[in-house]
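The values are calculated or read from the model by the stated rules, or taken from the named source; none is laboratory data. What you are looking at is a predicted structure, and each value in this text was computed from that prediction instead of being measured. As a convention, Cβ positions derive from the backbone with ideal geometry for all residues, glycine included, and neighbour counts pool all protein chains shown.
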């Protein structure tokens with residue numbers, strides 16, 4: 001008997017909820033922005049992981065991207081040259097100072113026309129397709145030198161595809177295991 005009552009109450013509550021909906025006449029509540037703060041940003045997560053020291057993670061993640069270059073480019077440059085003391089230019093033709101100024105601004109650029117890719121040899125940072133091998137590209141740009149062929153053991157993560165195929169329709173992500 002008690003189970004029937006509980007089941008009936010749950011069904012009644014579900015029915016009541018199904019008739020509750022928002023409509024165009026409902027007021028839009030303003031957002032109190034003082035209640036929220038930026039905790040993290042990861043447009044290019046591997047760059048954040050490698051180039052930002054543990055002591056500066058919070059400062060980097062809460063710095064507005066337009067201010068990150070001025071605040072962090074020199075530190076990124078020092079880290080790049082510590083990782084690759086022989087760095088001259090990369091496959092994009094960027095010297096260390098120019099490359100690290102690009103890296104220090106943690107935004108994912110997007111081209112509104114043309115191919116969307118992180119880097120395919122011709123198109124550079126025009127977005128990011130799900131299948132882009134971002135880590136290998138970043139390794140190539142850090143260690144590969146002007147032709148992208150230097151330090152071959154350091155320019156590829158050897159993970160060439162996702163473990164499951166991406167979908168051709170929205171939501172595009174691979175199905176879960």
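Of all residues in segment 137-149, which are free of Cβ contacts under 8 Å to residues at least 24 places away in the same chain and either surrounded by 15 or more Cβ atoms within 10 Å (Cβ to Cβ) or not in a loop (DSSP other than H, G, I, E, B) (or both)? Within segment 137-149, 137, 139 qualify. For the criterion of being more than 22 Å from residue 53 (Cα to Cα) and either touching a helix residue (DSSP H, G or I) at 6+ places or on another chain (Cβ under 7 Å) or surrounded by 14 or more Cβ atoms within 10 Å (Cβ to Cβ) (or both), residue 117 passes. The condition of being surrounded by fewer than 15 Cβ atoms within 10 Å (Cβ to Cβ), at pLDDT 90 or above and part of a loop (DSSP other than H, G, I, E, B) holds for residue 93.
Within segment 101-113, the set of residues being assigned to a helix (DSSP H, G or I) and under 17 Å from the mean Cα position of the chain (by Cα) comprises 102, 103, 104.
Out of segment 126-139, which residues are within 22 Å of residue 81 (Cβ to Cβ) and touching a strand residue (DSSP E or B) at 6+ places or on another chain (Cβ under 8 Å)? Listed by number, the list holds a single entry, 137.
Which residues, counting only those in segment 16-56, are surrounded by 10 or more Cβ atoms within 10 Å (Cβ to Cβ), at pLDDT 90 or above and outside any loop (DSSP other than H, G, I, E, B)? Within segment 16-56, 50, 51, 56 qualify.
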